[in-house]
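The values are calculated or read from the model by the stated rules, or taken from the named source; none is laboratory data. Small disclaimer: the values here were computed from a predicted structure and weren't measured. Because the Cβ atoms are built from the backbone with ideal geometry, glycine has one as well, and the counts that use them run over all protein chains shown.
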Amino acid sequence: MGKHIKVIAVGGGKKAGQTGCGECPTSCQSACKTSCTVGNQSCVRDGK
Amino acid sequence: MPLHRFTCNGKHLIFDGHALALHEVDEVAWELLAGPAEDIEGRARALAGRFPREAIDEAVAEIRTLAHQGLLFAPDPYGGYEPPPPLVKALCLNVAHACNLSCGYCFAGGGEYGAGPAVMPPEIARRAVDFLIAASGPRKRVEIDFFGGEPLLALDTVRAAVAYAREREAAAGKEFGFTLTTNALLLTDEVIDYLLRHGFNVVLSLDGRPEVHNRFRRTRGGQGSYAAVRERILRFIERWENWDGPRGYYYVRGTFTRYNQDFAEDFLHLVDLGVRFISLEPAVGRGDEEWTIREEDLPRLEAEYERLARLYLALRVGGRDVHFFHFRLDLDGGPCLPRRLTGCGAGCGYLAVAPDGSLYPCHQFDGRDAFRLGDVWSGATEPRLVEDFRQAHIYRKPCRDCWAKFLCSGGCHAAAFIANGNVLTPYVVGCRLMQKRLECALYLASAECVRRSKKEKTEDKGGTWEVHGPGRLDMTISLC
């Protein structure tokens with residue numbers, strides 16, 4: 001932990017290698033009715 | 001400008017939109033990060049006299065280390081993106097082009113989508129299930145979202161679709177999920193039990209304070225619906241909270257307009273009612289309606305989101321297990337690449353079905369002839385339109401240069417079309433509000449991190465200070 005910069009999150013969720021399995025437990029389509037913020041969706045492949 | 005530098009509720013925060021890394025910084029690091037990486041030496045020289053030389057050198061060294069680790073000034077990892085072939089995952093069944101309310105801000109023209117009242121016959125809903133099974137290919141988890149108008153006006157159709165999907169899913173190798181969005185007026189105990197028994201996710205519409213709700217959400221006869229809606233929603237929540245078996249989620253979803261820019265008060269009102277899962281969303285109009293949010297409203301709305309973030313944090317610290325949809329953020333996990341770049345998938349992964357079986361890119365395009373894709377019998381017969389939506393990803397929009405692109409995914413196609421006449425030019429008011437909500441979510445991630453650190457330090461000393469509520473905040477934090 002730096003003296004001037006506190007690292008809060010290191011962004012482990014980029015999943016650059018994924019091509020998209022489409023198995024998300026809740027799709028954005030449903031979330032859209034509450035207005036989609038894609039960042040709050042999770043990936044089932046990670047068990048989240 | 002993927003490196004985003006912002007202050008929220010007094011905290012200096014830096015978010016690297018390419019790395020999805022979040023940092024809280026002090027004054028000297030804040031000043032050093034005020035421009036591009038290649039100018040840091042120049043900024044360091046300019047800061048001499050304002051900060052001790054030693055502090056400047058330390059901060060420069062920390063910035064270099066983080067840049068080397070890919071956590072600051074990270075390059076875009078996804079250049080040259082080509083979206084995958086279209087494969088349907090979800091259908092929105094607009095089972096009722098009719099509504100028992102007549103809300104003043106309704107995008108669907110009182111629920112009828114400009115075409116007069118209609119209800120989807122059960123046989124078309126069953127055909128839609130067949131279409132989804134075929135069009136989803138190898139995908140296992142598929143979804144049907146019942147929408148309208150008011151979908152409970154077509155409850156027989158809903159029941160028919162669910163029963164048929166359950167009948168077919170095992171042999172077809174699918175798992176169906178169901179969502180229903182309702183104004184709650186027809187939410188009897190019997191209907192509630194039906195929805196719970198079938199694991200529905202339920203979105204319940206209630207705008208907040210009585211006067212706010214009643215201003216727009218009126219019956220056909222012009223009466224405010226707050227009292228009846230509140231009673232039915234609280235009944236739903238009571239049964240949901242006490243339900244023993246598996247259950248879906250629920251959200252109480254409110255709409256705010258330029259008339260209630262103090263919408264944090266509506267959030268508090270819903271919390272006071274006992275609602276734990278809340279979403280509040282600005283109404284989207286053509287721009288000429290009196291109630292539409294305008295660019296001049298943004299400073300006040302942005303300040304209101306910051307106020308809401310403070311209130312939300314205080315509630316959570318005080319032990320209230322409440323959740324605000326737009327402050328949820330999963331920085332560690334989150335969705336996969338296609339989802340980050342193309343968002344909801346309207347037009348290729350997600351389609352809406354009108355009562356007559358016509359297919360549209362999403363529920364908001366229902367009834368717009370230029371966007372009719374085909375029907376549930378023949379499938380999508382307009383490949384050019386499907387391709388237009390498949391290619392409507394962030395690298396073909398101004399979003400490519402936005403710090404929030406991997407969290408927002410380019411915004412709503414329908415909102416863009418309504419505001420600008422095409423799906424590639426984002427709705428600027430929506431962008432600003434999305435960015436502010438994300439700033440608040442990042443602020444809350446930071447605040448939770450500090451809170452956890454303090455708790456750990458207190459426990460290390462054998463202290464008894466306890467600030468954690470019964471549940472954690474909705475962010476996943478990898479390091480702090």
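Here's the yes/no breakdown for (1) modelled with pLDDT under 95; (2) hydrophobic (A, V, I, L, M, F, W, C); (3) in a loop (DSSP other than H, G, I, E, B):
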{"position": "B:287", "(1), (2), (3)": "yes, no, yes"}
{"position": "B:292", "(1), (2), (3)": "yes, no, yes"}
{"position": "B:299", "(1), (2), (3)": "no, no, no"}
{"position": "B:303", "(1), (2), (3)": "no, yes, no"}
{"position": "B:307", "(1), (2), (3)": "no, no, no"}
{"position": "B:335", "(1), (2), (3)": "yes, no, yes"}
{"position": "B:339", "(1), (2), (3)": "yes, no, no"}
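Of all residues in the stretch B:426-450, how many are in contact (Cβ under 8 Å) with a residue 40 or more places away in the chain, of a type outside the set (A, V, I, L, M, F, W, C) and away from every other protein chain (no Cβ under 11 Å)?
Final tally of qualifying residues: 4.
Just to be sure, is residue B:368 under 16 Å from residue B:424 (Cα atoms), among the basic types (Lys, Arg) and surrounded by fewer than 20 Cβ atoms within 10 Å (Cβ to Cβ)? Let's see the steps before the verdict.
Details: under 16 Å from residue B:424 (Cα atoms): no; among the basic types (Lys, Arg): yes; surrounded by fewer than 20 Cβ atoms within 10 Å (Cβ to Cβ): yes.
Spelling it out, it is not the case that residue B:368 is under 16 Å from residue B:424 (Cα atoms), among the basic types (Lys, Arg) and surrounded by fewer than 20 Cβ atoms within 10 Å (Cβ to Cβ).
Just checking, does the stretch B:92-113 include any residue being closer than 22 Å to residue B:6 by Cβ, touching a residue at least 60 places away in the same chain (Cβ under 8 Å) and of a type outside the set (Ser, Thr, Tyr)? Explain how you work it out, then say what you get.
So in the stretch B:92-113, the residues closer than 22 Å to residue B:6 by Cβ come out as none.
Checked against the condition, which is being closer than 22 Å to residue B:6 by Cβ, touching a residue at least 60 places away in the same chain (Cβ under 8 Å) and of a type outside the set (Ser, Thr, Tyr), the stretch B:92-113 yields no hits at all.
Can you name the residue in the stretch B:357-381 that is in a loop (DSSP other than H, G, I, E, B) and in contact with a helix residue (DSSP H, G or I) (Cβ under 7 Å, 6 or more places away or on another chain) and is also nearest to residue B:96 (Cα to Cα) among such residues?
At the first step, the residues of the stretch B:357-381 found to be in a loop (DSSP other than H, G, I, E, B) are B:357, B:361-362, B:366-368, B:372-373, B:376-378, B:381.
Next cut, in contact with a helix residue (DSSP H, G or I) (Cβ under 7 Å, 6 or more places away or on another chain) only: B:357, B:361-362, B:373, B:376-377.
Details: B:357: 12, B:361: 18, B:362: 15, B:373: 20, B:376: 17, B:377: 19 Å.
Out of the qualifying residues, it is B:357.
Restricting to the stretch B:55-70, count the residues that are of a type in the set (D, E, K, R) and either crowded, with 17+ Cβ neighbours inside 10 Å or within 8 Å of another protein chain (Cβ to nearest Cβ) (or both).
Step one: filter the stretch B:55-70 for residues of a type in the set (D, E, K, R), giving B:57-58, B:62, B:64.
This time we only want the ones that are either crowded, with 17+ Cβ neighbours inside 10 Å or within 8 Å of another protein chain (Cβ to nearest Cβ) (or both), so: B:58, B:62.
Selection size over the stretch B:55-70: 2.
Hey, among the residues in the stretch B:159-175 that are buried (at least 20 other Cβ atoms within 10 Å of the Cβ) and either among the charged types (D, E, K, R) or without any contact (Cβ under 8 Å) to a residue 40 or more places away in the chain (or both), which one's farthest from residue B:91 (Cα to Cα)? Talk me through it step by step, then tell me what you get.
Step one: filter the stretch B:159-175 for residues buried (at least 20 other Cβ atoms within 10 Å of the Cβ), giving B:160-162, B:165.
Imposing the further condition that a residue be either among the charged types (D, E, K, R) or without any contact (Cβ under 8 Å) to a residue 40 or more places away in the chain (or both) reduces the set to B:160, B:162, B:165.
On the way: B:160: 15, B:162: 13, B:165: 12 Å.
By that ranking, first place goes to B:160.
So if I check each of B:379, B:347, which one is surrounded by fewer than 20 Cβ atoms within 10 Å (Cβ to Cβ) and more than 11 Å from chain A (Cβ to nearest Cβ)?
Criteria check complete, one pass: B:379.
If you scan the stretch B:228-270, which residues turn out to be among the small types (Gly, Ala, Ser) and closer than 29 Å to residue B:297 by Cβ? Break it down stepwise before answering.
Step one: list which residues in the stretch B:228-270 are among the small types (Gly, Ala, Ser), which gives B:228, B:245, B:248, B:254, B:264.
Across the stretch B:228-270, the qualifying residues are B:254, B:264.
Can you say whether residue B:384 is basic (Lys, Arg) and farther than 30 Å from residue B:108 by Cβ, as far as the supplied structure shows? It would help to see each step written out before you state the result.
On the way: basic (Lys, Arg): yes; farther than 30 Å from residue B:108 by Cβ: no.
It is false that residue B:384 is basic (Lys, Arg) and farther than 30 Å from residue B:108 by Cβ.
When residues of the stretch B:108-143 are filtered for being hydrophobic (A, V, I, L, M, F, W, C) and out of contact with any helix residue (DSSP H, G or I) (no Cβ under 6 Å at 6 or more places or on another chain), how many remain? If you could, list the steps in order and put the result at the bottom.
Here is the first cut: in the stretch B:108-143, the ones hydrophobic (A, V, I, L, M, F, W, C) are B:108, B:115, B:118-120, B:124-125, B:128-129, B:131-135, B:142.
In the following step, the residues that additionally are out of contact with any helix residue (DSSP H, G or I) (no Cβ under 6 Å at 6 or more places or on another chain) were identified as B:108, B:115, B:118, B:124, B:128, B:131-132, B:134-135.
So the answer is 9.
Evaluate the following for residue B:188: is it hydroxyl-bearing (Ser, Thr, Tyr) and touching a helix residue (DSSP H, G or I) at 6+ places or on another chain (Cβ under 7 Å)?
Values: hydroxyl-bearing (Ser, Thr, Tyr): yes; touching a helix residue (DSSP H, G or I) at 6+ places or on another chain (Cβ under 7 Å): no.
So residue B:188 fails the test.
Here are some conditions: (1) in contact with an Asp or Glu (Cβ under 9 Å, 6 or more places away or on another chain); (2) over 25 Å from residue B:390 (Cα atoms). Residue B:38 meets all but one. Which one does it not meet?
So the condition that residue B:38 fails would be (1).
Checking the structure you have, find out if any residue of the stretch B:337-344 is within 30 Å of residue B:110 (Cβ to Cβ) and either free of Cβ contacts under 8 Å to residues at least 60 places away in the same chain or crowded, with 24+ Cβ neighbours inside 10 Å (or both). Show your work before the answer.
To start, the set of residues in the stretch B:337-344 that are within 30 Å of residue B:110 (Cβ to Cβ) comprises B:343-344.
Within this subset, residues satisfying the condition of being either free of Cβ contacts under 8 Å to residues at least 60 places away in the same chain or crowded, with 24+ Cβ neighbours inside 10 Å (or both) are B:343-344.
Yes, the stretch B:337-344 has at least one match.
Find the helices (runs of 4 or more DSSP H) located wholly in the stretch B:24-137 whose residues include 3 or more that are more than 30 Å from residue B:402 (Cβ to Cβ) and of a type outside the set (Ser, Thr, Tyr), and list them. Can you show your working first?
Working: elements: B:27-32, B:40-47, B:53-68, B:122-135.
Answer list for the stretch B:24-137: B:53-68, B:122-135.
Would you point out the residue of the stretch B:15-35, among those that are more than 8 Å from chain A (Cβ to nearest Cβ) and in contact with a His (Cβ under 9 Å, 6 or more places away or on another chain), that is surrounded by the most Cβ atoms within 10 Å (Cβ to Cβ)? It would help to see each step written out before you state the result.
To start, the set of residues in the stretch B:15-35 that are more than 8 Å from chain A (Cβ to nearest Cβ) comprises B:15, B:17-18, B:27, B:30-35.
If we keep only those that are in contact with a His (Cβ under 9 Å, 6 or more places away or on another chain) as well, we get B:15, B:17, B:27, B:30, B:32-33.
Numbers: B:15: 26, B:17: 22, B:27: 14, B:30: 18, B:32: 24, B:33: 22.
Restricting to residues being more than 8 Å from chain A (Cβ to nearest Cβ) and in contact with a His (Cβ under 9 Å, 6 or more places away or on another chain), the top hit is B:15.
Restricting to the stretch B:226-266, give me the number of residues that are under 15 Å from residue B:191 (Cα atoms), part of a helix (DSSP H, G or I) and in contact with a helix residue (DSSP H, G or I) (Cβ under 6 Å, 6 or more places away or on another chain).
Total meeting the criteria: 2.
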